[in-house]
1. Here is a list of conditions, (1) assigned to a loop (DSSP other than H, G, I, E, B); (2) of a type outside the set (Lys, Arg); (3) buried (at least 18 other Cβ atoms within 10 Å of the Cβ), and residue 1 meets all of them except one; can you say which number that is?
2. Kindly indicate whether residue 148 is under 21 Å from residue 32 (Cβ atoms), modelled with pLDDT of 95 or more and away from the ligand (no atom under 13 Å from the Cβ).
3. Just a yes or no: is a residue in segment 43-52 among the hydroxyl-bearing types (Ser, Thr, Tyr), within 16 Å of the ligand (Cβ to nearest atom) and more than 24 Å from the chain's Cα centre (by Cα)?
4. Using the structure shown, decide if residue 97 is at pLDDT 95 or above and in a helix (DSSP H, G or I).
5. List the strands (runs of 3 or more DSSP E) inside segment 127-238, counting only whole elements, that have at least 1 residues being under 20 Å from the mean Cα position of the chain (by Cα).
6. I need every pair where a residue in segment 200-223 that is outside the structural domain of residue 178 (by TED's automatic domain parsing) has its Cβ under 7 Å from the Cβ of a residue that is at pLDDT 90 or above, sequence separation at least 6 or different chains.
7. Scan segment 198-238 for residues that are over 15 Å from residue 176 (Cβ atoms) and among the small types (Gly, Ala, Ser) and report the count.
8. Could you check how many residues of segment 53-83 are within 15 Å of the ligand (Cβ to nearest atom), closer than 16 Å to residue 16 by Cα, more than 18 Å from the chain's Cα centre (by Cα) and touching a residue at least 40 places away in the same chain (Cβ under 8 Å)?
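The values are calculated or read from the model by the stated rules, or taken from the named source; none is laboratory data. On a predicted model such as this, the values are computed, not experimentally measured, just so you know. Reconstructed Cβ throughout: ideal geometry from the backbone, glycine too, with neighbour counts over all protein chains shown.
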Amino acid sequence: MQHDWIGCAADNFRKGRHGFEPKAIAIHVIVGSLESAGMTFRDPRSSVSAHYGVGKSGRLHQFVEEADTAFHAGTVVEATWRLIDPNINPNLYTVGIEHEGQPQDTWPDEQFRASTALAREIAGRWKIALDRDHIIMHREIRASKTCPGSVDMERLIREAACSPVPAMNSARQIRAAMKVHVRCGRPATSAAISSVIPMGSEFEAAGFTVSGNACWHETPAHDYVWAGATDRPNPAQS
Ligand SMILES: [Zn+2]
């Protein structure tokens, strides 16, 4: 992804990861602007950093290399994260993404898109599953924090798992897991129904698209079937 390298103070990260690799992505909120995060991370007195920051407009700043250890989730307080290793500093096996704004903010679509595309890239590089066990909120490591606020984690994970760009290069057969309505011309339940596919029947998909929280298969005729009603609820996975 297009991003600006900002870097951080030498004392605010460690080269390498002591032999560990990222196995999860921690989501944070800056409680301020993207620029304020960069200033804090470049201040050697702050002793904090994160790998990335995502702005409200979708701007992406990088402060620490993914292969290095950022200081974003090293304090463990009553962790609720299922996969936490109580004996190892979480900074050693997580990638931290900061987000511009306040805890109560609803992320603009541009911020969501940039964050989900970034999470998808990181997950691909480190073989991290795009699910709720591996995309986590900072407060699941440190319960004394509210970070990252009210972010819609289900949407974040769903959109990270579904590429916003149609990625299939050939048609495939999809099976209806229930009776499904084929939507005419656009991926929405408000679109007219062009036909009904009985449960268990197959149909051809030429691609897929993401609309809001939902993934949709696209037929060769450019009609849409909600992927959740099929045997391929996540079209991005082959
Ligand atoms: Zn945080």
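1. Just one mismatch for residue 1, condition (3).
2. No; evaluated as a whole, the condition is false for this residue.
3. Looking through segment 43-52, at least one residue is among the hydroxyl-bearing types (Ser, Thr, Tyr), within 16 Å of the ligand (Cβ to nearest atom) and more than 24 Å from the chain's Cα centre (by Cα).
4. no
5. By residue number, 135-137, 207-211, 214-218.
6. Between residues of segment 200-223 that are outside the structural domain of residue 178 (by TED's automatic domain parsing) and residues that are at pLDDT 90 or above, there is no close pair.
7. Counting residues in segment 198-238 that are over 15 Å from residue 176 (Cβ atoms) and among the small types (Gly, Ala, Ser) gives 8.
8. 4
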